[in-house]
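Novice: Structure provided below as structure tokens; questions to follow.
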Amino acid sequence: MPWEVGEEGSSSDEKIPTFWDSVEIKPKDVTMSLIDCPYCNRRLRVPEAYSGRLTCSSCSKYFQRQDGLILDGNGKQIIEITRNLPAKGVVGFIFAEIILYGIIIMISVVFFLIGA
């Protein structure tokens, strides 16, 4: 049996096949884009080249994606997809947060100097 290590007549160089020997590991070559649901604004991850019907996992409503456009159930355009939206939003948020903290620190220093 394969789990019996010290079996007589077997060589120690013999490799015992396992399940993982037959598994093919493929790199992820699909680029995903982020799309906001037009009904509840939940962000959905969809393959960039996908065209067809999408169903939101949050509100369960469906809409279409064709040639980079978002269409409702009747085929009317709802919104246009913008790429790299999350990166720009995060950078803008971080920049605004740094400015806000800077202003708070300056006001604290001013009150400290006036009160001293």
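Novice: What is the P(r) of the range 26-82, as percent of Cα-Cα pairs per 10 Å bin from 0?
Specialist: All Cα pairs, binned at 10 Å, distribute as 25, 56, 16, 3 percent.
Novice: Counting pairs of alpha carbon atoms under 8 Å apart in space and at least six apart in sequence, what relative contact order in percent does the range 26-82 give?
Specialist: 22
Each reported figure results from applying straightforward, stated rules to the coordinates on display, with no laboratory input. Predicted model only: the values in this text are computed from it and were never measured.
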